[in-house]
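Asks: Structure below; questions to follow.
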Amino acid sequence: MIRNRAISFLISLSLLTSTLSLLSRAQWQSASNVESFSHNKNQLSVQSGNATLHVNILAEDLIRVRLATNGVFPPDMSWAVVKKEWQAPQVNVTDSQKEIIVATNELSLIINKQPLRLKFTDKAGNIINEDEPTKGMSWNESEVRVWKKMPLDEYYYGFGEKAGRFNRRWTHISMWNSDIPAYDADTDPIYQTHPFFYGVNKGKAYGIFFDNTYWSSFDMGKENRSQYSFGAEAGEINYYFFYGPSPKKILSRYTELVGRMPLPPRWSLGYQQCRWSYPTETRVREIAKGFRDRRIPCDVIYLDIDYMDGYRIFTWNKKNFPNPKKMIDDLTKDGFKIAVIVDPGIKADTTYHAFKSGNAQDVFVKYPDGKPFIGKVWPGECAFPDFTKERARKWWGDNFSTLIESGIRGWWNDMNEPSVFDVPTKTIDLDVIHDDSGLKTGHTKNHNIYGMQMTRATYDGVKRLLPAERPFVLTRASYAGGHRYSSAWTGDNTSTWRDLEMSVPMLLNLSISGQPFVGADIGGFIGYPSGELFARWLQLGVFTPLMRAHSVINEKNKEPWEYGDEFTNINRETINLRYTLLPYIYNVMYQASVTGMPAMRPMMFEYPEDGNFTWNDEQFMFGDDLLIAPVLTPSTTERNVRLPEGFWYDYWTGQKYKGGNDIKVDAPLNRIPVFVKAGAIIPTQQVVQSTNQSPIDPLTFTVYPTKLQSTRTYYEDDGISFEYEKGKYFRRTISQWNSSQAITLTLSKVEGSYTPPGRMLAV
């Protein structure tokens with residue numbers, strides 16, 4: 001939602017300024033000489049002055065580094081990490097006068113003794129990453145920081161949701177969830193915190209996850225082009241080092257550490273329509289009728305804050321929605337799901353059931369003296385749940401019963417940075433205390449995980465109340481690991497070609513940071529797009545996991561038919577393409593839930609050894625087999641595409657191209673350039689108006705020949721329940737072999753107990 005942008009931007013700027021001054025202070029103390037060390041299997045403890053270093057070798061390619069500057073470690077608790085027990089790998093520890101070498105079968109950690117500095121090498125002894133020799137791990141009172149050497153040809157990706165370019169070399173990055181609408185390419189920070197990145201050097205990659213929830217920053221050579229650093233205003237140095245050498249291997253291991261996305265309901269992958277606001281039942285029914293009358297597919301319609309009674313969460317505005325259950329029942333029969341916005345602010349009204357029960361159960365955040373924090377948001381003065389408290393999360397989830405009984409199935413978590421209107425910091429006062437799983441810590445430590453824990457409370461509560469259906473939760477704010485509970489969108493963008501172009505690297509970096517279910521507001525939230533801009537954005541949206549159009553309250557309508565007949569027809573065919581590809585898209589999301597590999601993949605991520613993709617953020621892979629080259633500039637009807645090595649087919653014409661070079665292709669207004677990797681077997685279906693209109697019939701496999709044998713996996717389940725976790729799914733492999741006479745297809749034996757509805761199979 002729109003806020004006082006000037007104030008928010010000044011806050012962001014002040015945070016950046018404090019970081020730059022932090023880097024220039026002279027009081028920093030770095031780790032001194034190693035005085036002693038001990039080790040037990042895969043764990044080492046190193047003493048250096050008052051500081052203690054703990055090193056845990058979790059896997060052959062994963063090492064945890066943890067430094068207590070005063071020798072005393074706080075409780076080992078993480079909101080992000082879910083895998084705590086690892087099978088200890090074989091580790092060889094060698095001690096000499098100058099260094100300690102800790103070696104696995106894949107990498108070595110070399111601990112320099114005078115002074116204490118860390119160096120990571122591969123099995124052959126090549127340096128992967130090393131501390132900057134004069135600083136290394138350092139601290140200044142409560143502040144902590146790590147300095148690393150930065151090679152000339154090393155590049156950096158990830159960091160979650162960040163505006164601007166894809167490659168983050170020579171940039172400064174802050175991590176403090178902030179509600180800043182109409183952000184620009186240089187606006188930082190914004191809504192989410194993912195302190196995880198990749199370093200890629202000549203095709204070989206490593207990853208670092210700095211698990212510290214305080215305000216943190218990463219200076220990737222902006223201050224000094226021979227070094228980079230990361231650190232936080234408080235907390236401990238606690239980071240995980242991953243070795244690839246492929247980025248895919250790193251992400252697989254990272255998502256093993258922090259968890260993977262649950263398989264979403266199939267309907268959430270359909271087209272979604274949102275606006276601030278569709279304020280009445282009459283308008284909602286008009287929107288639904290508009291889609292069905294024009295034969296434009298749609299699965300989800302959103303209700304913004306006006307559906308509530310005085311913006312009170314868990315209520316209905318009975319004047320504008322006199323019979324919500326009847327409305328939703330009717331729309332459900334027509335194939336629509338209804339999603340509603342839920343904000344964390346609970347109106348401080350003693351007659352309001354949620355405020356009364358929340359007080360009774362002691363679920364709201366308070367100052368150290370026990371006084372509740374009250375801040376203004378949409379309902380006026382509000383209390384805020386403490387989502388770090390288990391009791392508060394359960395209370396929150398239980399309150400969804402009224403909305404669930406009305407038929408609501410989608411949960412849009414907004415304002416959860418958290419955003420507060422009348423506080424100088426634009427969030428909860430920093431001295432407010434959170435339970436923090438019994439640790440009783442301030443908002444400075446808990447701010448960045450507030451949105452994540454709100455989505456956790458939402459997901460768990462809905463799942464508890466509606467156990468037969470997979471929850472769909474969408475969030476604006478999150479922290480590393482938040483993908484276990486929700487999808488994410490990139491907040492309040494604007495209706496400009498710049499924002500369309502910027503959305504691609506934002507979604508790519510967010511995807512490879514462990515959040516695979518992502519999207520941007522199609523058409524831009526703030527402002528009004530031309531018909532051409534909306535059409536091009538919608539075409540990109542086909543190949544973003546979340547395909548949602550959205551609009552601010554004070555703009556003209558932005559539904560797909562609002563730009564004239566020509567664009568209505570183009571937009572209809574674009575959304576039809578999304579529904580045609582749903583079997584492929586569902587399989588891509590299944591893969592993400594199992595392996596951590598996101599749907600949207602940067603070319604660098606898929607082809608790290610091809611230096612042509614170092615800075616390329618204008619095309620991407622969608623799943624294993626589709627190369628997407630969106631049109632991102634106005635009045636453009638052709639564009640250049642870099643094809644990787646191998647052979648590729650134009651999705652629209654079937655023309656075959658040899659990869660390893662640049663080509664120029666047509667990009668007429670009515671379609672987006674798409675290429676298919678040779679060897680692909682793409683499952684598609686008939687066009688439907690919603691995902692529950694009818695079973696897939698026919699299920700079509702389009703084969704893209706290759707000289708070599710290729711194999712793909714096809715997966716299906718009921719699309720809505722958790723029965724797949726009990727083995728009720730359908731999975732089989734399909735192999736193709738291209739000889740001079742014919743293409744031969746073979747199907748493996750079916751795995752799983754799910755039997756799809758009867759249908760035709762076409763190839």
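The values are calculated or read from the model by the stated rules, or taken from the named source; none is laboratory data. As the structure is a computational prediction, the values presented were derived from the model and not from experiment. All Cβ positions, glycine included, derive from the backbone under ideal geometry; neighbour counts span all protein chains shown. Accessible surface areas use protein heavy atoms only, side chains included; no ligands, DNA or RNA. Shrake-Rupley method; radii C 1.70, N 1.55, O 1.52, S 1.80 Å.
Asks: Please list the non-local residues whose amide H lies under 5 Å from the amide H of Gly524, H modeled 1.01 Å from N, same-chain partners needing a gap of 5 or more.
Replies: HN-HN under 5 Å from Gly524: His550.
Asks: For the stretch 648-671 and the stretch 507-532, what is the centre-to-centre distance using only Cα atoms, to the nearest Å?
Replies: 24
Asks: Ratio of Rg to Rh for the chain, alpha carbon only, Kirkwood? Don't skip to the end; give the middle numbers.
Replies: Numbers: Rg = 26.0 Å, Rh = 27.0 Å.
Using only Cα positions, Rg/Rh for the chain is 0.96.
Asks: Run a plain Debye calculation on the stretch 236-327 (Cα atoms as equal point scatterers, no solvent) and give log10 I(q)/I(0) at q = 0.22, 0.24, 0.25 Å⁻¹, rounded to two decimals, same order as the q list.
Replies: Taking Cα atoms of the stretch 236-327 as identical point scatterers yields -1.12, -1.23, -1.27.
Asks: Please say if the stretch 31-143 is rounded, prolate or oblate, where rounded means a/c under 1.5 for a ≥ b ≥ c the square roots of the C-alpha gyration tensor eigenvalues, and otherwise the choice is prolate for a/b larger than b/c and oblate otherwise?
Replies: Oblate, since a/c reaches 1.5 and b/c is not below a/b.
Asks: So what is the accessible area of the stretch 623-763 per residue, in Å², with the probe set to 1.4 Å?
Replies: So the stretch 623-763 comes to 49 Å² accessible per residue, rounded to a whole number.
Asks: Let me see the P(r) profile for the stretch 185-272: every Cα-Cα distance counted, bins of 10 Å, each bin given as a percent of all pairs.
Replies: For the stretch 185-272, the binned pair fractions read 13, 35, 35, 14, 3 percent.
Asks: Can you pull the percent of Cα pairs in the stretch 534-581 with separation above 18 Å?
Replies: 28
Asks: Show which lysines lie in cross-link reach of Lys41 when reach means a straight Cα distance below 18 angstrom and same-chain residues fewer than eight apart are skipped.
Replies: In chain and number order, the partners are Lys84.
Asks: Let me ask something else about it. Could you give the distance between the Cα centres of the stretch 99-157 and the stretch 290-328, to the whole Å?
Replies: 54
Asks: Given the stretch 711-751, report the % of alpha carbon pairs whose separation exceeds 13 Å. Write down the numbers at each step before the final one.
Replies: Values: 492 of 820 pairs.
Across the stretch 711-751, Cα pairs with separations above 13 Å total 60 percent.
Asks: Something else now. In what sequence, highest mean first, do 408-417, 574-583, 436-445, 754-763 appear when ranked by Cβ atoms within 10 angstrom? Write out the running numbers ahead of the final one.
Replies: Values: 408-417: 24.6, 574-583: 21.6, 436-445: 16.6, 754-763: 11.5.
Taking the mean over residues of other Cβ atoms within 10 Å, the ranking is 408-417, 574-583, 436-445, 754-763.
Asks: Of the listed peptides 554-567, 453-466, 532-545, what is their order by residue-averaged count of other C-beta atoms within 10 Å, with the highest listed first?
Replies: In descending order of packing, they fall as 532-545, 453-466, 554-567.
Asks: Output the relative contact order of the chain, whole-number percent, from Cα pairs under 8 angstrom with separation of 6+ residues. Working shown, then result.
Replies: Numbers: 1859 pairs, mean separation 82.0, N = 763.
Relative contact order, the chain: 11 percent.
Asks: Could you tell me whether the stretch 618-722 comes out rounded, prolate or oblate from its Cα gyration tensor? Rule is a ≥ b ≥ c as square roots of the eigenvalues, rounded for a/c under 1.5, then prolate if a/b exceeds b/c, otherwise oblate.
Replies: Verdict is oblate for the stretch 618-722.
Asks: Can I ask one more? Taking the highest mean first, how do the peptides 518-529, 79-90, 301-312 order by number of other beta carbon atoms within 10 angstrom per residue? Can you show the working numbers first?
Replies: Values: 518-529: 24.7, 79-90: 13.8, 301-312: 21.2.
Top to bottom by mean Cβ count within 10 Å: 518-529, 301-312, 79-90.
Asks: State the percentage of accessible surface on the chain attributable to carbon and sulfur atoms; use a 1.4 Å probe and exclude ligands, DNA and RNA.
Replies: Taking all protein chains in place, the chain shows 49 percent carbon and sulfur surface.
Asks: For the stretch 717-733, just list the computed ³J(HN,Hα) in residue order, Karplus coefficients 6.51, -1.76 and 1.60, θ = phi - 60°, integers in Hz, with x standing in for Gly and Pro.
Replies: Working through the residues one at a time gives 8, 6, x, 9, 9, 9, 4, 4, 5, 9, x, 8, 9, 10, 9, 8, 9 Hz.
Asks: Still on this structure, please answer the following. Is the stretch 135-178 best put as rounded, prolate or oblate by its Cα gyration tensor, with a ≥ b ≥ c the root eigenvalues, rounded for a/c under 1.5, and otherwise prolate when a/b is larger than b/c, oblate when not?
Replies: It comes out oblate by the Cα gyration axes.
Asks: For the stretch 551-690, what value does the Rg/Rh ratio take when both radii are computed over Cα atoms and Rh is the Kirkwood radius, given to two decimals?
Replies: Working: Rg = 16.5 Å, Rh = 16.7 Å.
Rg/Rh for the stretch 551-690 comes to 0.99.
Asks: Here's another thing I want to ask about it. Return the equivalent ellipsoid semi-axes of the stretch 427-533 as a descending list in whole Å, where each equals the square root of 5 times an eigenvalue of the C-alpha gyration tensor.
Replies: 30, 19, 12
Asks: Right, here's the next one. Counting pairs of alpha carbon atoms under 8 Å apart in space and at least six apart in sequence, what relative contact order in percent does the stretch 481-522 give?
Replies: 59
Asks: Right, here's the next one. How large is the direction-averaged shadow of the alpha-carbon convex hull of the stretch 361-411, in nm²?
Replies: For the stretch 361-411, averaging the hull's shadow over all directions gives 4.6 nm².
Asks: Any aspartates and glutamates with Cα under 15 Å of the Lys148 Cα? List them, leaving off those in the same chain fewer than 8 positions away.
Replies: In chain and number order, the partners are Glu130, Asp131, Glu132, Asp219, Glu223.
Asks: Continuing with the same structure: Take every Cα pair under 8 Å in the stretch 223-367 that's 6+ residues apart, average their separations, divide by the length, and report that relative contact order as a whole percent.
Replies: So the answer I get is 18 percent.
Asks: Right, something else. Tell me, Kirkwood radius of the stretch 102-198 from alpha-carbon pair distances, in Å?
Replies: 15.8
Asks: Read phi for every residue in the stretch 365-382 and hand back ³J(HN,Hα) as whole Hz from Karplus 6.51 cos²θ - 1.76 cosθ + 1.60, θ = phi - 60°, with x for Gly and Pro.
Replies: Running phi through 6.51 cos²θ - 1.76 cosθ + 1.60 with θ = phi - 60° gives 6, 9, 6, x, 7, x, 6, x, 6, 10, x, 8, 9, 3, x, x, 6, 9 Hz.
Asks: Which value, in Å², gives the accessible area per residue of the stretch 371-493 when a 1.4 Å probe is used on the protein heavy atoms?
Replies: 26
Asks: Sticking with this one: Here are some pairs, Lys347/Lys394; Lys98/Lys123; Lys162/Lys440; Lys326/Lys463; Lys656/Lys707; which of them have Cα atoms lying more than 25 Å apart in this structure?
Replies: Those over the limit are Lys162/Lys440.
Asks: Could you name the aspartates and glutamates in cross-link range of Lys658, using Cα to Cα under 14 Å and dropping any fewer than eight places away on the same chain?
Replies: Glu645, Asp650
Asks: Treat the stretch 338-446 as a sphere of radius equal to its Kirkwood radius over Cα pairs and apply Stokes-Einstein at 10 °C in a medium of 1.306 mPa s; give the translational diffusion coefficient in µm²/s, rounded to a whole number. List each step's numbers first, then the result.
Replies: Working: Rh = 14.4 Å.
My calculation gives 110 µm²/s for D.
Asks: Run the numbers for Thr637 and Ala68: contour at 0.36 nm per residue of separation, minus the present Cα-Cα distance, in nm.
Replies: Taking 0.36 nm per residue and subtracting the Cα distance, the gain is 199.1 nm.
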